[in-house]
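Input: a single structure, listed below in structure tokens.
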Amino acid sequence: HRSRDQTLSELGEIFGAADNRKGNILIPAFSIGRTQEILYHLGRHYEEWGLHRFQVFLDSPRAIQASEVYWSYPHLYDEEATRLRQENGGMPLLPNLKLSRSTDDSLAINRIRSGAIVIAGSGMCNGGRIIHHLRRNLDREETQVLITGYQAYGSLGRKLVEGHDTVRIRGKHIPVRASVH
């Protein structure tokens, strides 16, 4: 694993390249913990990474519910989270965040061909709404996929990390032309 600073630097580079490539960024994430960490960093580096150029979607009803708990109960934070919140004057703002609660909201995201950052479950790409976004975007060279956690052997996420040329999603073989980070 790289250091946190190296990871954050790489993320900044990825968001810059995505804008140049005119593609979407897909982030499969676990609903509790990792999603909130990603949202935190997107808010904290909003200006630096030029995130105003994107529409950011949280496309997971469970992650939305968990995030609302995180946002609503700061008195339950541990020492580090409390310190970070105080240093930043609260949760960093992410003014272009859209919460996709319904299936229709999720399906509408798939019509966006450029400029979307989509955070969706599941973290290992074996279920959840991320499957639909991967099926629609993996064959596009301008797409970038950010893998943010451990990928178990045999999972779709692991196959992406290992660099498979094609993957099977819902019985269909999909060529992988997207960049996987």
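The listed residues 153, 73, 46 rank as 153, 73, 46 when sorted by accessible area, largest first, using a 1.4 Å probe.
When only C-alpha pairs under 8 Å and at least 6 residues apart count, what is the relative contact order of the chain, in percent? Relative contact order here is 30 percent.
Using the Cβ-Cβ distance between residue 3 and residue 153 with R0 set to 22 Å, the FRET efficiency from 1/(1 + (r/R0)^6) comes to roughly 0.25. Of the residues 53, 4, 158, the one with the largest accessible area comes first in the ranking 4, 53, 158, computed with a 1.4 Å probe on protein heavy atoms.
Taking only the Cα atoms of the chain, the radius of gyration and Dmax are 15.9, 48 Å. Max-minus-min Cα coordinates of region 89-171 on each principal axis give 41, 30, 24 Å, with the largest extent listed first.
Temperature 20 °C, viscosity 1.002 mPa s: under these conditions the Stokes-Einstein estimate for region 15-90, based on its Kirkwood radius over C-alpha pairs, is 155 µm² per second.
For region 45-108, averaging the sequence separation of C-alpha pairs within contact (under 8 Å, six or more residues apart) and dividing by the residue count gives a relative contact order of 55 percent. Ordering 128-136, 142-150 by mean Cβ neighbour count within 10 Å, with the highest value first, yields 128-136, 142-150.
Given their separation in residues at 0.36 nm each and the Cα-Cα distance between them, residue 81 and residue 165 gain 26.2 nm when the chain is fully extended. Sequentially through region 170-181, phi angles give Karplus couplings (6.51, -1.76, 1.60; θ = phi - 60°) of 6, x, 10, 7, 10, x, 9, 10, 5, 7, 10, 10 Hz, Gly and Pro residues having no value and appearing as x. Along each principal axis, taking the top coordinate minus the bottom one, the Cα set of region 70-131 gives 40, 26, 18 Å in descending order. With 0.36 nm allotted per residue and the present C-alpha distance subtracted, the residue 21-residue 135 stretch has 39.1 nm of extension available. Per residue, the average separation of C-alpha pairs within less than 8 Å and at least 6 apart gives region 94-159 a relative contact order of 29 percent.
The values are calculated or read from the model by the stated rules, or taken from the named source; none is laboratory data. All values derive from a computational prediction rather than experimental measurement. All Cβ positions, even for glycine, are placed from backbone atoms using ideal geometry, and neighbour counts span all protein chains on display. Note: accessible area is taken over every heavy atom of the protein model, side chains too, but ligands, DNA and RNA are not part of it. Shrake-Rupley method; radii C 1.70, N 1.55, O 1.52, S 1.80 Å.
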